[in-house]
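The structure appears below as C-alpha cells.
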Amino acid sequence: MLTENQKRWGVDQWAAYLSNRELPCMPRSKVRLLELEAAQGEKLAARDLADIAAADPFLCLKLLREAEAHRVQRLGHDTTTPLAAVMQLGTDTFHKLLLNCPETDESASGLAECEARSHIASLLALRWGTARADISPDEIAMAALLSEIGELLLWSFAPDVPKNALVALHSGQSPRSVQAQVDTCGFRFKDLTLKCATIWHLPPLLTQLIRGIDNTRSNLSRLCVDTARHILTEGSSSPALPSDIAEAKHIIPGATLEWLAEQLPGIDEAQISPIVAKAADLLDPTHH
C-alpha cells in the first residue's frame, strides 16, 4: 500500500526512491543459467551470458550499472550492449551477480505484461535493426529493453501506482495509457525511466535512444516499443500495426513492407498480408 506521503510524490521523489532499491532479476534468468551450465558441464562463455541478460530488463540494467561502476571513469567506451557489459565485468563476476540477485515476482500480471512488452520490443529492434548498415541492432535492442524500466520498478516496489493507471485506462476514464499515467500520478512512466537513467549515469547514447526522438536510431527504438505495445494489447488485429509498419518503412527505406511485417514477433503468415496491404495504403493511397 502507498503511504499518504507517497500518494503526493511526483516523478523526482519516485525516481530518488526507486533508483535506490536493489534491482531484482526475473526468476527464469537464474533457471536458464543453471540449466545451460548443467547441459554444457562448464561455465558459460560471455556471449551466452549476454544472451541471458538481453532477455531480462532488470538483469540487463543491473549488469549495465555494475559495468559502468567498474569502468575506469572516462577511459574506454561507454557500455551500451549486454555483451560489452559482460566483458567489462568478467564472466565470474556476472555469474555471482546473477546467482546472488533477489528475484522479482513474475506472477504479478501487470509486471509480467510490462516485461513481455520490453522483451518483444528488444527482439523487434534486433530484427529491424539488421536492415540498416549504420545502426548497431544490439544498442537499439538494449534501449528498447530498458525503456519500460520506470514502470517495471513501480510494479516491483509500488504496484498501486501502475494499477491505478490501468484502472483509469480500462474504465474509460483516460483514453490512452500515457494519459492514464498522467491523470492518476501526475507524470509519464517514461519520464520516470529517464530520471532514473540520469541518477544512474547510464551512457548518454542509451538515454537518448530511450527518449526516442532526435534521430533515426532513437526513432527506431521508440517505434519498437510502441509496436510491442500494440502486438501485446491487440495482436495482429491492432489497427495501429499498419501505421507502425509504414513508419518502419520510412526509417528503413531499404526494407520491403513484407519483410518488415514478417519480423513482428507472434504474428503468423496469414496475418501479414492484411497488415502489409493497409500499410501500403497509408504510404500511397493511390497505389491500387
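Structural remarks
- For the peptides 100-107, 178-185, 52-59, the ranking by packing is 52-59, 178-185, 100-107, with the highest mean count of neighbouring Cβ atoms within 10 Å listed first.
- Under 5 Å between amide hydrogens, built in the peptide plane, is the criterion, and for residue 103 it picks out 25 among residues at least 5 positions away or on other chains.
- Choice from 228, 39, 261 showing the highest fluctuation, given a GNM over the chain with Cα pairs closer than 10 Å: 39
- Percent of C-alpha pairs per 10 Å bin, region 1-146, short to long: 11, 34, 36, 15, 3, 0
- At 1.002 mPa s and 20 °C, Stokes D of the chain from Kirkwood alpha-carbon radius, µm² per second: 108
- From phi via Karplus (6.51, -1.76, 1.60), per-residue ³J(HN,Hα) for region 277-286 in Hz, x at Gly/Pro: 4, 5, 5, 5, 4, 5, 6, 8, x, 9
- Summed side-chain charge close to residue 257 - residues other than residue 257 whose Cβ falls under 14 Å, Lys, Arg +1, Asp, Glu -1: -4
- A cut-off under 12 angstrom between Cβ atoms defines the neighbours of residue 31, and their net charge, with Lys, Arg +1 and Asp, Glu -1, is -2.
- In this simple spin-label model, placing a label point 7 Å from the Cα along the Cα-to-Cβ direction at both residue 258 and residue 103 gives a separation of 4.5 nm.
- Residue among 154, 36, 111 with the largest mean-square fluctuation in a Gaussian network model of the chain, springs linking Cα atoms under 10 Å: 36
- Put a dot 7 Å past the Cα of residue 283, heading toward its Cβ, do the same for residue 198, and the two dots end up 3.8 nm apart.
- Taking all Cα-Cα distances within region 103-234, those exceeding 24 Å account for 27%.
- The value given for region 157-288 is a Kirkwood hydrodynamic radius of 16.6 Å, derived from the mean inverse Cα-Cα separation.
- Global form of region 188-250, assessed from the alpha-carbon gyration tensor, a/c cut-off 1.5: oblate
- The stretch between residue 28 and residue 3 holds 5.8 nm of extra length on full extension. This uses 0.36 nm per residue minus the Cα-Cα distance.
- Whether region 15-82 is rounded, prolate or oblate, judged on the alpha carbon gyration tensor where a/c under 1.5 counts as rounded: oblate
Computed from the coordinates by the stated procedures, all read-outs in this text should not be read as laboratory data. Since the model is a prediction, treat every value here as computed from it, not as a measurement. Positions of Cβ are generated from backbone atoms using ideal geometry, with glycine treated the same way; all protein chains shown enter the neighbour counts.
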